[in-house]
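Just below is one structure, and these are the notes that go with it.
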Amino acid sequence: MQTLVKVANQHKVAVVLTNQMTTKIDGDESSHLVPALGESWGHACAIRLILSWTDKKRMAYLLKSPSMAEAKAQYTI
């Protein structure tokens, strides 16, 4: 992670990391969504965006930012 931050700062570029969600099945046969790379990745990033696509509409949700409040916006590709 430190290397990515260093490269981003040197070249003035953004680094985007993705951590897809997967299903974890517990011993009692219940299940819930968890980050595929583990919870620790969520703490290492300064900004957290959740990207979703439902009903042919793409949404970005800002959940974590050091300088902005939570927000959402529709986007297109």
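Where a number appears in this text, it was derived from the coordinates with a stated rule and is not lab data. Source: prediction; values computed, not measured. Glycine gets a Cβ as well: all are built from the backbone with ideal geometry, and neighbour counts include every protein chain shown.
Some observations on this one:
- Helix-only mean residue ellipticity at 222 nm for the chain, each DSSP H run of n ≥ 4 adding -39500 (n - 2.57), per residue, nearest 500: -5000 deg cm²/dmol
- Annotation: aspartates and glutamates with alpha-carbon distance below 14 angstrom to Lys56 (same-chain offsets under eight excluded): none found.
- Taking only the alpha carbons of the chain, we obtain Rg and Dmax values of 15.4, 49 Å in that order.
- Each Lys or Arg adds one and each Asp or Glu subtracts one; over the other residues with Cβ under 12 Å from the Cβ of Leu62, this totals +2.
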